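Quick notes on the structure that follows.
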Amino acid sequence: MGANRDVGKALVQFSIVDALVAGLFDGVFPVAEVARAGGFGLGCGDHMDGELVVLDGVFRLFHGDGRMTVLGASDSLAFAEVADFAADSSSPVDGVASFEALIDAVRERVSSVNLFHAVRVDGQFASVSLREAKRQSKPYLPLAEAVHDQRENLVTGVRGTLVGFVAPGVFQGVTVAGAHLHFVSVDGDVGGHVLGLAGLSGELAIESYSAVTVRLPRSADFLTADLDAAVAGADAAIRRAESEHQS
Ligand SMILES: [Zn+2]
């Protein structure tokens, strides 16, 4: 990361959320390339198949059919956001009642909400509400419709790790504004995109970043997509896709 010395460490993002909003779900970034940018983060699989958790350099994909696979170097991803995580601060949290309360705890611990923050929480959860997107087939539907096809899973009494980011609101569309967290259980078997949580006690580690590198796809679909048309109303679509329970 020597090239970034003058701006500090950078988060590295592969594709943009608005490309997903437009239904560009092909895996266009090899895991090997993403792994070079960091061993901590999240994303989604080729064909929007499942939720990616990157923790300690291991790429686990939690599929919409309930399976988990550890991805190899030649597997591909539609979207990923990774960092070379090394906590600036770490402190215990106890009895966190909700997702929103956890994000409040993050915001209390950082110097500014206008920077990017990577968040890692190792702990015990009374419950975690997860979703996993189901594999889509071409021609893809826009994200707002595709997310109706998702698995939801309420996991109770589980030990595991939250991995994710809190981004400034002005970056909605490039990434997810606000908090975006994925979960992996300590045994690595259960995971997904976090819709909610309760009764969390553990260790909250945060690293702040003032630099972001965004890698755009060079696929024919991306190069020819009418993103401006596709993302009209994208803010509402992202909010729904990130938080909506389908049940
Ligand atoms: Zn997610």
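Which residue is farthest from the chain's Cα centre (by Cα), if the candidates are limited to segment 141-188 and must be among the aromatic types (Phe, Trp, Tyr) and within 12 Å of the ligand (Cβ to nearest atom)? Quick ask: steps written out before the conclusion?
First, pick out the residues of segment 141-188 that are among the aromatic types (Phe, Trp, Tyr): 165, 171, 183.
Now restrict to residues that are within 12 Å of the ligand (Cβ to nearest atom): 165, 183.
Numbers: 165: 7, 183: 9 Å.
Among those that are among the aromatic types (Phe, Trp, Tyr) and within 12 Å of the ligand (Cβ to nearest atom), it is 183.
Filtering segment 189-202 down to residues that are surrounded by fewer than 22 Cβ atoms within 10 Å (Cβ to Cβ) and more than 22 Å from residue 59 (Cα to Cα), which residue is farthest from the ligand (Cβ to nearest atom)?
Going through segment 189-202, the residues surrounded by fewer than 22 Cβ atoms within 10 Å (Cβ to Cβ) turn out to be 189-190, 195-196, 198-199, 201-202.
When the remaining residues are screened for being more than 22 Å from residue 59 (Cα to Cα), the result is 196, 198-199, 201-202.
On the way: 196: 13, 198: 19, 199: 22, 201: 23, 202: 20 Å.
Per the criteria, the residue is 201.
Check 78, 105, 97 and return the single one that is in contact with a strand residue (DSSP E or B) (Cβ under 7 Å, 6 or more places away or on another chain), in contact (Cβ under 8 Å) with a residue 12 or more places away in the chain, within 14 Å of the ligand (Cβ to nearest atom) and hydrophobic (A, V, I, L, M, F, W, C).
On the way: 105 fails: within 14 Å of the ligand (Cβ to nearest atom); 97 fails: within 14 Å of the ligand (Cβ to nearest atom).
Of 78, 105, 97, the one residue that is in contact with a strand residue (DSSP E or B) (Cβ under 7 Å, 6 or more places away or on another chain), in contact (Cβ under 8 Å) with a residue 12 or more places away in the chain, within 14 Å of the ligand (Cβ to nearest atom) and hydrophobic (A, V, I, L, M, F, W, C) is 78.
Can you tell me how many residues in segment 96-114 are of a type in the set (Gly, Ala, Ser) and closer than 24 Å to residue 152 by Cα?
Taking segment 96-114 first, the residues of a type in the set (Gly, Ala, Ser) are 97-98, 101, 105, 111-112.
Still in the running and closer than 24 Å to residue 152 by Cα: 97-98, 101.
Result for segment 96-114: 3.
Could you list, in sequence order, all residues of segment 236-246 that are assigned to a helix (DSSP H, G or I) and under 17 Å from the mean Cα position of the chain (by Cα)? Explain how you work it out, then say what you get.
Here is the first cut: in segment 236-246, the residues assigned to a helix (DSSP H, G or I) are 236-243.
Once the filter is applied, which keeps residues that are assigned to a helix (DSSP H, G or I) and under 17 Å from the mean Cα position of the chain (by Cα), segment 236-246 yields 237, 238, 239, 240, 241, 242, 243.
Suppose the filter is more than 14 Å from the ligand (Cβ to nearest atom), exposed (fewer than 15 other Cβ atoms within 10 Å of the Cβ) and part of a loop (DSSP other than H, G, I, E, B); does residue 232 pass it?
Working: more than 14 Å from the ligand (Cβ to nearest atom): yes; exposed (fewer than 15 other Cβ atoms within 10 Å of the Cβ): yes; part of a loop (DSSP other than H, G, I, E, B): yes.
When the stated conditions are applied, residue 232 passes them.
For segment 116-141, give me each residue that is assigned to a loop (DSSP other than H, G, I, E, B) and surrounded by fewer than 18 Cβ atoms within 10 Å (Cβ to Cβ).
The initial filter retains those residues of segment 116-141 that are assigned to a loop (DSSP other than H, G, I, E, B), namely 134-141.
Of everything in segment 116-141, those that are assigned to a loop (DSSP other than H, G, I, E, B) and surrounded by fewer than 18 Cβ atoms within 10 Å (Cβ to Cβ) turn out to be 135, 137, 138, 139, 141.
Can you name the number of the only condition in (1) more than 23 Å from residue 148 (Cβ to Cβ); (2) touching a Gly at 6+ places or on another chain (Cβ under 8 Å); (3) small (Gly, Ala, Ser) that residue 87 fails?
The number of the failed condition is (2).
Is at least one residue of segment 228-241 closer than 24 Å to residue 97 by Cα and in contact with a Lys or Arg (Cβ under 8 Å, 6 or more places away or on another chain)?
Taking segment 228-241 as the starting set, the residues that turn out to be closer than 24 Å to residue 97 by Cα are 239-241.
Add one more test, that the residue is in contact with a Lys or Arg (Cβ under 8 Å, 6 or more places away or on another chain), and what stays is none.
Scanning segment 228-241 turns up no residue that is closer than 24 Å to residue 97 by Cα and in contact with a Lys or Arg (Cβ under 8 Å, 6 or more places away or on another chain).
Among (1) open to solvent by 20 Å² or more (accessible area, probe 1.4 Å); (2) assigned to a strand (DSSP E or B), where does residue 205 come up short?
Only one criterion is unmet by residue 205, namely (1).
Condition check ((1) buried (at least 21 other Cβ atoms within 10 Å of the Cβ); (2) within 16 Å of the ligand (Cβ to nearest atom); (3) outside any strand (DSSP E or B)) across all residues:
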{"residue": "19", "(1), (2), (3)": "yes, yes, yes"}
{"residue": "25", "(1), (2), (3)": "yes, yes, yes"}
{"residue": "32", "(1), (2), (3)": "no, no, yes"}
{"residue": "35", "(1), (2), (3)": "no, no, yes"}
{"residue": "42", "(1), (2), (3)": "yes, yes, no"}
{"residue": "52", "(1), (2), (3)": "yes, yes, no"}
{"residue": "61", "(1), (2), (3)": "yes, yes, no"}
{"residue": "73", "(1), (2), (3)": "no, no, yes"}
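Could you grab me the full set of residues in segment 130-166 that are in contact with a His (Cβ under 7 Å, 6 or more places away or on another chain) and among the hydrophobic types (A, V, I, L, M, F, W, C)?
Listed by number, the residues that qualify are 130, 163, 165, 166.
Going through segment 147-161 one residue at a time, which ones are crowded, with 19+ Cβ neighbours inside 10 Å and either farther than 20 Å from residue 53 by Cα or in contact with an Asp or Glu (Cβ under 6 Å, 6 or more places away or on another chain) (or both)?
Once the filter is applied, which keeps residues that are crowded, with 19+ Cβ neighbours inside 10 Å and either farther than 20 Å from residue 53 by Cα or in contact with an Asp or Glu (Cβ under 6 Å, 6 or more places away or on another chain) (or both), segment 147-161 yields only 161.
Go through segment 172-184 and give me each residue that's open to solvent by 10 Å² or more (accessible area, probe 1.4 Å), modelled with pLDDT of 95 or more and either of a type in the set (A, V, I, L, M, F, W, C) or farther than 19 Å from residue 240 by Cβ (or both).
179
If residue 164 passes every condition in (1) at pLDDT 95 or above; (2) touching a helix residue (DSSP H, G or I) at 6+ places or on another chain (Cβ under 9 Å); (3) of a type in the set (Gly, Ala, Ser) but one, which one does it miss?
(2)
The values are calculated or read from the model by the stated rules, or taken from the named source; none is laboratory data. Predicted model only: the values in this text are computed from it and were never measured. Backbone-built Cβ (ideal geometry, glycine too); neighbour counts: all protein chains shown. These area figures cover heavy atoms from the full protein model, side chains too; ligands, DNA and RNA do not enter into them. Shrake-Rupley method; radii C 1.70, N 1.55, O 1.52, S 1.80 Å.
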